[in-house]
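Asks: Mind looking over this structure? Questions follow.
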Amino acid sequence: MNKGELIEKIAKDAKVTKSQAGDALDSFINAVGATLSKGGKVTLVGFGTFSVSKRAARKGRNPQTGKEINIKAKKVAKFKAGVELAKKTNK
């Protein structure tokens, strides 16, 4: 499912226009992004938790040349599925 299909599904289920559903989805995405950029986390009980994880600096290898390279430390977004979502995906 892509973003357009998700918007259609939300619009149909919530009985709103596609424009309204798109605005709601964009608002959700922006809110999660803003919270994560501040180092916070977003928990939706039954669905899951969005959080930020720190990835340490490490050594890597350029696949084309085989030369060793340094990979900088960075923060990455992470999602952990909640119990209800995990049950639905393991049917």
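Asks: Among the residues of segment 17-40, is any under 12 Å from the mean Cα position of the chain (by Cα), part of a strand (DSSP E or B) and at pLDDT 95 or above?
Replies: Looking for residues that are under 12 Å from the mean Cα position of the chain (by Cα), part of a strand (DSSP E or B) and at pLDDT 95 or above, one finds none in segment 17-40, hence no.
Asks: Quick test for you: out of LYS59, LYS38, pick the one residue that is of a type in the set (D, E, K, R), closer than 18 Å to ALA77 by Cβ and out of contact with any Phe, Trp or Tyr (no Cβ under 6 Å at 6 or more places or on another chain). Lay out the reasoning, then the answer.
Replies: Working: LYS59 fails: closer than 18 Å to ALA77 by Cβ.
None of the others qualify; the one that does is LYS38.
Asks: If only one of LYS59, LYS87 is in contact with a strand residue (DSSP E or B) (Cβ under 9 Å, 6 or more places away or on another chain) and either at negative phi or part of a loop (DSSP other than H, G, I, E, B) (or both), which one is it?
Replies: Working: LYS87 fails: in contact with a strand residue (DSSP E or B) (Cβ under 9 Å, 6 or more places away or on another chain).
Unique residue meeting the criteria: LYS59.
Asks: Could you grab the pairs with beta carbons closer than 7 Å, sequence gap of 6+ or different chains, first residue in segment 62-91 and in contact (Cβ under 8 Å) with a residue 40 or more places away in the chain, second one in a strand (DSSP E or B)?
Replies: Every condition considered, the pairs that remain are ALA77/PHE50; ALA77/VAL52.
Asks: Being of a type outside the set (A, V, I, L, M) and part of a loop (DSSP other than H, G, I, E, B) is the filter here; which residues of segment 65-84 pass it? Talk me through it step by step, then tell me what you get.
Replies: The initial filter retains those residues of segment 65-84 that are of a type outside the set (A, V, I, L, M), namely 65-68, 70, 72, 74-75, 78-80, 82, 84.
Answer for segment 65-84, where residues must be of a type outside the set (A, V, I, L, M) and part of a loop (DSSP other than H, G, I, E, B): THR65, GLY66, LYS67, LYS72, GLY82.
Asks: Among the residues of segment 18-29, is any surrounded by 12 or more Cβ atoms within 10 Å (Cβ to Cβ), in contact (Cβ under 8 Å) with a residue 24 or more places away in the chain and of a type in the set (Gly, Ala, Ser)? Spell out how you get there, then give the answer.
Replies: We begin by selecting, within segment 18-29, every residue surrounded by 12 or more Cβ atoms within 10 Å (Cβ to Cβ); these are 18, 20-26, 28.
So of that shortlist, the ones also in contact (Cβ under 8 Å) with a residue 24 or more places away in the chain come out as none.
So far as segment 18-29 goes, no, none of its residues is surrounded by 12 or more Cβ atoms within 10 Å (Cβ to Cβ), in contact (Cβ under 8 Å) with a residue 24 or more places away in the chain and of a type in the set (Gly, Ala, Ser).
Asks: Still on this structure, please answer the following. Filter segment 41-56 for residues that are modelled with pLDDT of 95 or more and either at positive phi or in contact with a His (Cβ under 7 Å, 6 or more places away or on another chain) (or both) and give the result.
Replies: Listed by number, the list holds a single entry, GLY48.
Asks: Within segment 45-52, can one find any residue that is among the hydroxyl-bearing types (Ser, Thr, Tyr) and over 12 Å from the mean Cα position of the chain (by Cα)?
Replies: Restricting attention to segment 45-52, the residues satisfying the condition of being among the hydroxyl-bearing types (Ser, Thr, Tyr) are 49, 51.
Next cut, over 12 Å from the mean Cα position of the chain (by Cα) only: none.
Within segment 45-52, not a single residue is among the hydroxyl-bearing types (Ser, Thr, Tyr) and over 12 Å from the mean Cα position of the chain (by Cα).
Asks: Could you list all residues from segment 17-39 that are among the hydroxyl-bearing types (Ser, Thr, Tyr) and out of contact with any helix residue (DSSP H, G or I) (no Cβ under 7 Å at 6 or more places or on another chain)?
Replies: Filtering segment 17-39 for residues among the hydroxyl-bearing types (Ser, Thr, Tyr) gives 17, 19, 27, 35, 37.
Matches in segment 17-39: SER19, SER27, THR35, SER37.
Asks: May I pose another question? When you check LYS59 against the structure, is it surrounded by fewer than 11 Cβ atoms within 10 Å (Cβ to Cβ) and more than 16 Å from the chain's Cα centre (by Cα), yes or no?
Replies: Criteria met by LYS59.
Asks: What residue, among those in segment 63-90 that are of a type in the set (Gly, Ala, Ser) and closer than 26 Å to GLY48 by Cα, is modelled with the lowest pLDDT? It would help to see each step written out before you state the result.
Replies: Just the residues of segment 63-90 that are of a type in the set (Gly, Ala, Ser), to begin with: 66, 73, 77, 81-82, 86.
Keeping just the survivors that are closer than 26 Å to GLY48 by Cα gives 73, 77, 81-82, 86.
Working: ALA73: 96, ALA77: 95, ALA81: 94, GLY82: 93, ALA86: 90.
By that ranking, first place goes to ALA86.
The values are calculated or read from the model by the stated rules, or taken from the named source; none is laboratory data. Here the structure is a predicted model, which is why all the values come from computation and not from measurement. Cβ atoms come from the backbone with ideal geometry, glycine included; neighbour counts cover every protein chain shown.
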